[in-house]
């Protein structure tokens with residue numbers, strides 16, 4: 001049995017994938033992978049995700065250049081979540097131009113942005 005066959009994809013055929021900086025341990029983002037995205041990620045050692053809204057594969061960095069080179073791949077104990085330890089090229093993981101997607105912090109029952117935009121998304125995506 002291959003490693004991919006042991007993954008517990010949900011009823012839609014996808015599994016959550018968390019990208020973590022391999023050096024700092026910072027959680028960069030969460031996305032989804034289908035079987036093909038996971039297979040391509042393993043084969044090329046670069047993060048490939050599945051876009052639920054566009055119903056297609058999404059090669060991280062294909063538009064922005066902010067590629068994620070995979071250092072290690074883990075699963076949780078139930079094998080229903082994938083953890084990618086990555087080297088984030090360009091230092092930007094979020095489509096908002098921030099280092100990571102987890103920049104909204106709950107303070108006094110309000111969400112407050114606690115991270116600066118590194119690069120304007122209009123400059124990244126046009």
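What tally of residues in the range 100-114 results from selecting those that are surrounded by fewer than 16 Cβ atoms within 10 Å (Cβ to Cβ) and either assigned to a loop (DSSP other than H, G, I, E, B) or at positive phi (or both)?
3
Of everything in the range 115-126, what is within 19 Å of the chain's Cα centre (by Cα) and either without any contact (Cβ under 8 Å) to a residue 60 or more places away in the chain or surrounded by 13 or more Cβ atoms within 10 Å (Cβ to Cβ) (or both)? Give them in sequence order.
Hits for the range 115-126 are 115, 117, 118, 119, 121, 124.
It is to be established whether one or more residues within the range 56-65 are modelled with pLDDT under 95, at negative phi, part of a loop (DSSP other than H, G, I, E, B) and surrounded by 13 or more Cβ atoms within 10 Å (Cβ to Cβ).
yes
In this structure, is residue 23 out of contact with any helix residue (DSSP H, G or I) (no Cβ under 8 Å at 6 or more places or on another chain), exposed (fewer than 14 other Cβ atoms within 10 Å of the Cβ) and more than 24 Å from residue 115 (Cα to Cα)?
In short, no.
Within the range 68-99, take every residue that is free of Cβ contacts under 8 Å to residues at least 24 places away in the same chain and surrounded by fewer than 17 Cβ atoms within 10 Å (Cβ to Cβ) and give me the one that is nearest to residue 3 (Cα to Cα).
Top of the filtered list is 74.
The values are calculated or read from the model by the stated rules, or taken from the named source; none is laboratory data. If you're wondering where the values come from, they're calculated on a predicted model, not measured in any experiment. Cβ: placed from backbone, ideal geometry, glycine included. Neighbour counts: every protein chain shown.
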